[in-house]
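Notes follow the structure.
The values are calculated or read from the model by the stated rules, or taken from the named source; none is laboratory data. Being a predicted model, the structure only gives us computed values, none of them experimental. Methodologically, a virtual Cβ is constructed for each residue, glycine included, from the backbone with ideal geometry; neighbour enumeration extends over all protein chains shown.
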Amino acid sequence: EDIYEELSPLVSRIGSQKRQLKTQAEEKAKAEQMRREFTANVSHELKTPLQSISGCAELLLGGMVKPEDVPRFSRQIFSESQRMIVLIEDIIKLSHLDEGASDMQWENADLYELAERTAATLMPAAEKAGVLLLLTGKKSVLYGIPQLLSGIIFNLCDNAIKYNHPGGNAVIHISDDEDTVYLSVSDNGIGIPHEQQTRIFERFYRVDKSHSKEVGGTGLGLSIVKHSAKLHHAEIRLQSTLGKGTKITISFPKRHIVQLLADK
Ligand code: ADP
């Protein structure tokens with residue numbers, strides 16, 4: 001009986017180590033599969049615009065394009081290559097985030113001020129789409145990486161403008177309480193079907209491929225948001241009704257400021 005008592009913690013420890021190893025192996029296999037899928041997707045997403053660029057250039061070089069069509073073909077080459085640049089920039093951002101973005105500067109940042117600047121850069125796009133972009137709320141400071149926080153706001157607002165109707169609106173709201181800073185971006189645009197709501201944060205996932213191509217975008221915006229939020233230990237909440245609109249709320253813990261002071 002004594003031996004059993006001595007052995008039983010050991011046995012249960014071995015059991016839990018075995019379980020841990022199993023989940024680690026499962027996670028590794030899952031990550032490996034995701035990497036493979038990502039590489040396949042990237043190759044496909046880059047090949048499509050490149051084929052179009054190459055085709056247009058070939059026709060132009062061969063003198064196969066009527067003079068009046070030359071501007072149209074040139075525009076096509078320009079816009080497809082722009083698309084590729086944005087895509088490559090997003091891929092670089094994601095791989096940087098995957099690596100933990102350890103070279104980026106953490107500081108006390110006012111999310112409201114960052115939103116003001118980000119909204120200003122999006123004003124022309126909002127005006128072009130006929131969407132009213134508004135910023136409400138108040139100064140709210142958290143300890144974070146300003147560049148990533150601005151990126152989060154940019155991607156959410158960009159979507160609220162893109163997946164909207166002329167005359168619609170996109171509202172950024174910033175607030176805080178004792179230990180949390182809240183960012184929400186809401187729109188009264190096209191909304192997201194219920195069954196796809198868990199998937200839109202996946203890399204390259206788009207609800208409507210043809211519409212997404214029309215409005216531009218890479219399908220990587222929300223995964224960049226997800227990774228940037230994770231790095232800040234923030235939580236993301238999505239509320240959306242098809243045909244009515246979407247609201248995404250991100251809650252950032254402020255606790256890092258306290259930790260930083262305590263460390264000193
Ligand atoms: P994209 O570059 O296609 O915009 P995202 O990762 O930013 O990529 O978003 C993924 C998909 O989620 C979009 O293609 C769109 O179908 C859907 N989506 C994102 N934000 C909204 C929104 N505010 N309203 C409706 N659909 C949205």
**Report entry** Among (1) of a type in the set (Ser, Thr, Tyr); (2) over 26 Å from the mean Cα position of the chain (by Cα); (3) surrounded by 10 or more Cβ atoms within 10 Å (Cβ to Cβ) - the single one Thr48 does not satisfy
**Finding:** (2)
Query raised in the report: Taking Leu148 and the conditions (1) over 16 Å from the mean Cα position of the chain (by Cα); (2) within 24 Å of Ile92 (Cα to Cα); (3) at pLDDT 95 or above, which numbered condition does it fall short on, given that it satisfies the others?
Result: (1)
Query raised in the report: What are the residues in region 1-42 that are without any contact (Cβ under 8 Å) to a residue 60 or more places away in the chain and among the aromatic types (Phe, Trp, Tyr), if any?
Result: Tyr4
Query raised in the report: When both residues are 6+ apart or on different chains and their Cβ atoms are under 8 Å apart, which pairs have a first residue that lies in region 240-253 and is outside any strand (DSSP E or B), and a second that is not aliphatic (A, V, I, L, M)?
Result: Leu242/Gly191; Leu242/Pro193; Leu242/His194; Gly243/Gly191; Lys244/Asn188; Lys244/Gly191
Report summary line: Per the list (1) surrounded by 14 or more Cβ atoms within 10 Å (Cβ to Cβ); (2) modelled with pLDDT under 95; (3) within 27 Å of Met34 (Cα to Cα), residue check on Gly221 breaks on (2)
Report task. From Leu132, Leu238, grab the single residue that is hydrophobic (A, V, I, L, M, F, W, C), within 12 Å of the ligand (Cβ to nearest atom), out of contact with any Asp or Glu (no Cβ under 8 Å at 6 or more places or on another chain) and farther than 23 Å from Ala101 by Cβ. Result -> Leu238
Report summary line: All-but-one check, Val207 against (1) within 12 Å of the ligand (Cβ to nearest atom); (2) modelled with pLDDT under 90, failing number (2)
Report task. State the number of residues belonging to region 165-190 that are over 17 Å from Ile236 (Cβ atoms) and surrounded by 24 or more Cβ atoms within 10 Å (Cβ to Cβ). Result -> 1
Report summary line: (1) over 21 Å from Asp177 (Cβ atoms); (2) at pLDDT 95 or above all hold for Asp263 apart from (2)
Report task. Please go through region 156-186 and pick out each residue that is more than 9 Å from the ligand (Cβ to nearest atom) and polar (S, T, N, Q). Result -> Asn169, Ser175, Thr180, Ser184
Query raised in the report: For region 193-202, what are the residues that are in contact (Cβ under 8 Å) with a residue 12 or more places away in the chain, surrounded by fewer than 20 Cβ atoms within 10 Å (Cβ to Cβ) and of a type outside the set (Phe, Trp, Tyr)?
Result: Pro193, His194, Gln197, Glu202
Requested in this report: Could you give me the residue pairs with C-beta distances under 9 Å whose first residue belongs to region 97-112 and is of a type in the set (Asp, Glu), whose second residue is at pLDDT 95 or above and part of a loop (DSSP other than H, G, I, E, B) wherever it lies, and which are 6+ apart or on separate chains?
Outcome: Glu107/Ile145; Asp110/Lys139; Asp110/Ser140
Requested in this report: Would you mind telling me which numbered condition in (1) of a type outside the set (Asp, Glu); (2) closer than 23 Å to Tyr205 by Cβ; (3) exposed (fewer than 14 other Cβ atoms within 10 Å of the Cβ) Asn41 fails?
Outcome: (3)
